[in-house]
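A short write-up of the structure that comes next.
Throughout, read-outs are computed from the coordinates displayed, never taken from laboratory work. Every value quoted in this text rests on a predicted model; they were computed, and no experiment measured them. Using ideal geometry, Cβ is built from the backbone for each residue, glycine included, and neighbour counts are taken over all protein chains shown.
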Amino acid sequence: MIGIGSTVKKFIKNYNDLKVSWYLAGIKSAGNGALMKLSPIVIPHLVSPSSKLWGDAVVTTYLVYHNRLAISSAVAFTHILWEVLRM
């Protein structure tokens, strides 16, 4: 997969062009890009399981997607990834 989605483009514009602080530059969007970013978040926790996995999923999602649906979906998807990958 090549390229970035419209939500990430808006985040970058907010941060780079509009000089919005990185922690406020996110967009209120429930785009599927939130789920695509989660696989790398799970990997370190496979080696060293920790309840911090859930916080990592939330923070990673919230950074770009300021949306409750995106965040709750990310946590659910993280659980699915965790269950599949730890087998």
Qualifying residue in region 49-59 (condition: without any contact (Cβ under 8 Å) to a residue 24 or more places away in the chain and within 19 Å of Ile12 (Cβ to Cβ)): yes
Helices (runs of 4 or more DSSP H) wholly inside the chain containing at least 2 residues that are small (Gly, Ala, Ser), touching a Gly at 6+ places or on another chain (Cβ under 8 Å) and loosely packed, with under 12 Cβ neighbours inside 10 Å: none
Pairs with Cβ under 8 Å, 6+ apart, first in region 1-20 and over 14 Å from Ala34 (Cβ atoms), second part of a loop (DSSP other than H, G, I, E, B) and among the aromatic types (Phe, Trp, Tyr): Tyr15/Trp22
Count of region 61-87 residues which are without any contact (Cβ under 8 Å) to a residue 24 or more places away in the chain and under 15 Å from Phe11 (Cα atoms): 0
